[in-house]
1. Using only the alpha carbons, work out the radius of gyration and Dmax of segment 61-128 in angstrom.
2. Can you tell me how much longer the chain between residue 65 and residue 36 gets when fully stretched, taken as 0.36 nm per residue apart minus their C-alpha distance, in nm with one decimal?
3. Ignoring ligands, DNA and RNA, what percent of the 1.4 Å accessible area of the chain is carbon and sulfur?
4. Could you provide, to the nearest whole Å², the per residue accessible area of segment 67-130 with probe 1.4 Å?
5. Evaluate the charge dipole of the chain about its Cα centre and quote only its size in Debye, nearest 20, assuming +1 on the Cβ of each Lys and Arg and -1 on the Cβ of each Asp and Glu.
6. Hand me the tally of lysine pairs in segment 8-161: alpha carbons under 12 angstrom apart, and the pair either on different chains or 8 or more positions apart.
7. How much length is gained on full extension from residue 120 to residue 134, taking 0.36 nm per residue of separation minus their Cα-Cα distance?
8. Taking every pair of alpha-carbon atoms in the chain, what share in percent sits in each 5 Å bin, from 0 to the bin with the longest distance?
Amino acid sequence: FRHKNIEEFHSDISAIEKLRSTQSLNKHCEIMTIFYSMLSRLSQIEINSTVYPILKTAIKHIENNISNIELSNTELAELIGLSEVYFRRLFKKSFGISPKQYLRQIRIAKAKEMLEIGSYSVSEISQECGYSTIHHFSRTFKEKTGYSPNEYRERFSKVYI
């Protein structure tokens, strides 16, 4: 990503967060408009083609094994035939974050989605998102979102009347 891309995405994410906290009747449509704009821009960003194909398998494995508490950089590196150190370096160079940070981000995103749906217990969400204990999940979730899982559910639940 170029610096300009990152700033645009941060701006979009801020706009979405502001919309989520409003009582606007059209907020869902506005959020989806921003989201699709982000997807469109993402599809136009050129990813370093010499690095990305190597990591694509690891990314897919992370996304398919989000609930695996044991998922490790060692496992991911072995999967694609790289040393763990080189794998971490290549991942960080390609995506700007470590594999662990990426895993944490998608786990939190999945937890948010499950909390918004409202039909899962915090315990079920914790397990589904690969946390060993509810305490660890709750602490990490609050650290990353500013809300406890229950506060987040109350504020952002998508249960429509």
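1. In Å, with Rg to one decimal and Dmax whole: 13.7, 41.
2. Net length gain for the segment: 7.9 nm.
3. The computed percentage sits at 53.
4. Accessible surface, normalised per residue, equals 54 Å².
5. So the dipole magnitude of the chain works out to roughly 360 debye.
6. Number of lysine pairs found: 6.
7. Taking residue 120 through residue 134 to full extension adds about 3.7 nm, to one decimal.
8. Values per bin, smallest distances first: 1, 8, 15, 17, 17, 17, 14, 7, 2, 1, 0.
The values are calculated or read from the model by the stated rules, or taken from the named source; none is laboratory data. Owing to the predicted nature of the structure, the values given are computational and were not obtained by experimental measurement. Note that we place each Cβ from the backbone using ideal geometry, even for glycine, and neighbour counts take in every protein chain shown. Just the protein is used for accessible areas: all its heavy atoms, side chains included, with ligands, DNA and RNA removed. Shrake-Rupley method; radii C 1.70, N 1.55, O 1.52, S 1.80 Å.
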